[in-house]
Amino acid sequence: MSSTPCPACHGKRLKLESLAVTVMGNDIMDVTAMFVAQALEWVDRLPDEITPRELTIARQIIKEIH
């Protein structure tokens, strides 16, 4: 027996459909792997990087993260 990462998800352990959703080039696993301070900086940059429509959708989520 040997441990090898999945060649499809590269060890992220999520379906490819889930990993295909990205925000500012990061999938959910990339964001959750960040240090807290790094993730907060990333979230703070969101309003400048996403469209007004996306910001309307994300506003409550951003509020909860803060």
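The values are calculated or read from the model by the stated rules, or taken from the named source; none is laboratory data. Small disclaimer: the values here were computed from a predicted structure and weren't measured. Cβ: placed from backbone, ideal geometry, glycine included. Neighbour counts: every protein chain shown. Protein only, heavy atoms only, side chains kept; ligands, DNA and RNA dropped before computing areas. Shrake-Rupley method; radii C 1.70, N 1.55, O 1.52, S 1.80 Å.
Comparison of M34, M29, M24 shows that the only residue that is out of contact with any Lys or Arg (no Cβ under 8 Å at 6 or more places or on another chain) and open to solvent by less than 90 Å² (accessible area, probe 1.4 Å) is M34. Any chance the stretch 7-14 includes a residue that's at pLDDT 90 or above and surrounded by fewer than 11 Cβ atoms within 10 Å (Cβ to Cβ)? Scanning the stretch 7-14 turns up no residue that is at pLDDT 90 or above and surrounded by fewer than 11 Cβ atoms within 10 Å (Cβ to Cβ).
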